[in-house]
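The values are calculated or read from the model by the stated rules, or taken from the named source; none is laboratory data. Values in this document were obtained by computation on a predicted structure and should not be read as measured data. Ideal geometry is used to build each Cβ from the backbone, glycine not excepted, and the neighbour counts take in all protein chains shown. Note: accessible area is taken over every heavy atom of the protein model, side chains too, but ligands, DNA and RNA are not part of it. Shrake-Rupley method; radii C 1.70, N 1.55, O 1.52, S 1.80 Å.
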Amino acid sequence: MHEKIFPIGPQHPSLKEPIFLKLHVDGSYITKAEFNLGYTHRGVEKCAEGYLLDTALHAVQRTCGICSQCHSMAFLNAVEPMTGVQVPEKVYLQRLITAELERIHSHLLWGGVMAHEIGLETLFMYYWREREHILDIFDELTGNRVHHSPDLIGTAKRSFNKENLQMVLEKLDLVEPEIKELRNVMENHDVITSRFKKHGNIPKKMAEDLDLVGPTARASGVNYDVRQNAPYMAYGIKELKVKPVIRSEGDSWGRTMIRCDEIFESMRLVRKACEMIDPNEEVPKKKNLIAKGDFSRGRTEAPRGENFHFVAIENNRIKRLKLRTPTLANVISYARIMEGEDITDVPVIVMSLDPCISCMERVAVIRNGKQENWTSHELFEGKKYD
Amino acid sequence: MSIKKSPWISFFNAGGCNGCTLECFACFNPRYDVTRFGMELKASAKHADILLVTGIVNNHNKKRLLNIYEQLPEPKRVVAIGACAITGGLYKGSYSQAGPVDKVIPVDVYVAGCPPRPESIIDGIRKCLNDKRSR
C-alpha cells in the first residue's frame, strides 16, 4: 500500500474556477478526498450591509455571473412582501422569461464545459455556439449579456414589447433543433456513455441525508423543485406549472441527461409566458418604498438548485444579508462520491455536479493564519452509505 | 516575435463572480473565435504569453496569483479584466481583499466593464501586443 497525495488546483486545466482538491491515491484509485475552498471569497454579505434596498439589489445580482437573475428574484421574493408593493403580472412574467432563459444558457454552458473536460472540443464549440443565441436574447431584452439586472423593487426597468417577444420566439425556434441534436450526441456517444455511466454514484438516501438540491438531487430520484413545491411569482399561474424532470440513476450520466431535458421544459415555459404577456402594457414607474418588519426570507430555483436569501432590514437599509447558494449544498458530496473512483474520472465527477464556486464562497475557516481543510470524516461523522 | 504572431493565453480567476470568466471563454467560441489571431487557451501559465486576471484579489488568493505571475515566461503581459480587477468595484474595501490586481502584480492593459463584452476583451489583448516592448 503506497498511498500518495495528488493535489489538483487552485489553478488547473480541469478546473475553470479555483478550488483545491487534495486526493489521497493508492495507485490510481482515490482512497480519501479533501477539499479546500475560499479562493474566490469576496464578502458579498458584508459589503451589502448598510446599502439601501435598491443598491443592495444590484450587489446581490453580482453574487454570480451565471445565475444573477435567480439571485435577484430570491432577494425580491424576500423584500417585496415587506414593502407591500403590488407587482403587476406582466413584471412577474418578464422575470420568468429572463430566469428560464438563464437556465437554458446555464445548462448549455455546462454542456460545453463538460464536453471540454472529456476532450470533445468540437462538441464544446457546438454548445457554445447555441449559447450565443440565448445571450443575444438577453442583449435585446435587457441590454446586457451576462449581468442582465432587469429588475427594480416592485417593477422592471423596461417593458418587453412586441418585437422583443417575436425575437425570443424566433431565436428559440432557431436553437431548438440544434439542442435536440446535441442531446442525441450526448445520449449516444460511446465515449460519453462509457465515462459517465456508473461513475460518481449518489444513492437516493445519501441525496436526502445531505440535503442536495437541484438537478443533482433530482437525478437521484428526489422529487424537489422550488418552482413546483413552493411556487413563487409567475410560477403559481396554472399554465406555467413546472413539471420537474426526475431520474433514478444518480450517477454522472443521470445528471447529464437531466440537464439536457430541463432545457426543453424551460423552453416550453418561455414560449407559454411569451404568449400570455401583453406587449402593449407598460410596467409601472419606480416608487420610493419603505420596508416594514425586521427580516424576511426568499427562495428560488436557480439552474443549480435551491437559492435561499435571508434579509434583515433596519431603517430601509440592509442590516444582515445571508445567501445560501445551491453549490454550497451540493459541493460537500464531493468528498464522499470520489472515494473508490479512478483519478481519471475526477474532472467528469467534478463537472457533473455543475459547481459554481464563485457563487458559493461564503465562509472560509482560517485559524492562526492557516486555513482548515474540510475532511469527509468531519462532514459526515463517519456515516456510511451504500 | 512569438507574442506578436501567436500569443498563448492563460487565465486566472483571482476572486470574481464568474461573469468575466465566462466572457473570457466566450472569446474562444465560434462567434468571436480569437484563434484567428493565433491565440490559444493554455491551462498552465508556464506555456502562456499573456495572463488574463479577473476579479478582486483576495487575501487567500494573493500568494497563488504571485506564484502564477512568476511562472509566466518573459516578456510577461497581464490584462486586468472587469471592474473588480481594475478598482475593486462592488467589493472595494471588503475585509477579505488584498486590493485590485495592479496592487499585487504589474498590469499592462485594463479592460473595463461589468463584465466587458468579448469584443473589448479581444481589443485589450490586441493592444498589449502592440506596445513598445513587443516590437
Single condition B:ARG135 does not satisfy, out of (1) more than 19 Å from A:ARG42 (Cβ to Cβ); (2) at pLDDT 85 or above; (3) open to solvent by 10 Å² or more (accessible area, probe 1.4 Å): (2)
Test: A:THR122 is over 17 Å from the mean Cα position of the chain (by Cα), β-branched (Val, Ile, Thr) and more than 30 Å from A:LYS292 (Cβ to Cβ): yes
Residues satisfying the stated conditions in the stretch A:12-65, i.e. farther than 17 Å from B:ASN61 by Cα and assigned to a loop (DSSP other than H, G, I, E, B): A:PRO13, A:SER14, A:GLY27, A:SER28, A:GLU49, A:GLY50, A:TYR51, A:ARG62, A:THR63, A:CYS64, A:GLY65
Tally, over the stretch A:131-148, of residues that are more than 10 Å from every other protein chain (Cβ to nearest Cβ) and touching a residue at least 40 places away in the same chain (Cβ under 8 Å): 5
Of residues in the stretch A:254-309 being among the small types (Gly, Ala, Ser) and in contact (Cβ under 8 Å) with a residue 40 or more places away in the chain, the one surrounded by the most Cβ atoms within 10 Å (Cβ to Cβ): A:ALA302
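Would you confirm whether or not the stretch B:44-51 contains a residue that is out of contact with any helix residue (DSSP H, G or I) (no Cβ under 7 Å at 6 or more places or on another chain) and open to solvent by 10 Å² or more (accessible area, probe 1.4 Å)?
yes
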Matching entry among A:GLU34, A:GLU3 (being open to solvent by 10 Å² or more (accessible area, probe 1.4 Å), away from chain B (no Cβ under 14 Å) and in contact with an Asp or Glu (Cβ under 6 Å, 6 or more places away or on another chain)): A:GLU3
Given (1) assigned to a helix (DSSP H, G or I); (2) touching a Pro at 6+ places or on another chain (Cβ under 6 Å); (3) within 12 Å of chain B (Cβ to nearest Cβ), index of the condition A:ARG103 fails: (3)
Lone qualifier among A:VAL79, A:VAL85, A:VAL113 - being in the same structural domain as A:VAL226 (by TED's automatic domain parsing) and surrounded by 24 or more Cβ atoms within 10 Å (Cβ to Cβ): A:VAL79
Checking A:GLU49 against (1) at pLDDT 90 or above; (2) touching a strand residue (DSSP E or B) at 6+ places or on another chain (Cβ under 8 Å); (3) open to solvent by 10 Å² or more (accessible area, probe 1.4 Å), the condition it does not meet: (1)
Filter result (of a type in the set (A, V, I, L, M, F, W, C), in a loop (DSSP other than H, G, I, E, B) and either in the same structural domain as A:VAL350 (by TED's automatic domain parsing) or open to solvent by less than 40 Å² (accessible area, probe 1.4 Å) (or both)) within the stretch A:243-253: A:VAL245
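Just checking, how many residues over the stretch B:104-116 are under 14 Å from the mean Cα position of the chain (by Cα) and part of a loop (DSSP other than H, G, I, E, B)? First the steps, then the outcome.
Applying the first criterion (under 14 Å from the mean Cα position of the chain (by Cα)) to the stretch B:104-116 yields B:104-113, B:115-116.
Now restrict to residues that are part of a loop (DSSP other than H, G, I, E, B): B:105-108, B:112-113, B:115-116.
Of the residues in the stretch B:104-116, 8 are under 14 Å from the mean Cα position of the chain (by Cα) and part of a loop (DSSP other than H, G, I, E, B).
Can you go through A:GLU187, A:GLU163 and tell me which one is of a type in the set (Asp, Glu), out of contact with any Ser or Thr (no Cβ under 6 Å at 6 or more places or on another chain) and within 30 Å of A:SER72 (Cα to Cα)?
On the way: A:GLU187 fails: within 30 Å of A:SER72 (Cα to Cα).
Going through A:GLU187, A:GLU163 in turn, the sole match is A:GLU163.
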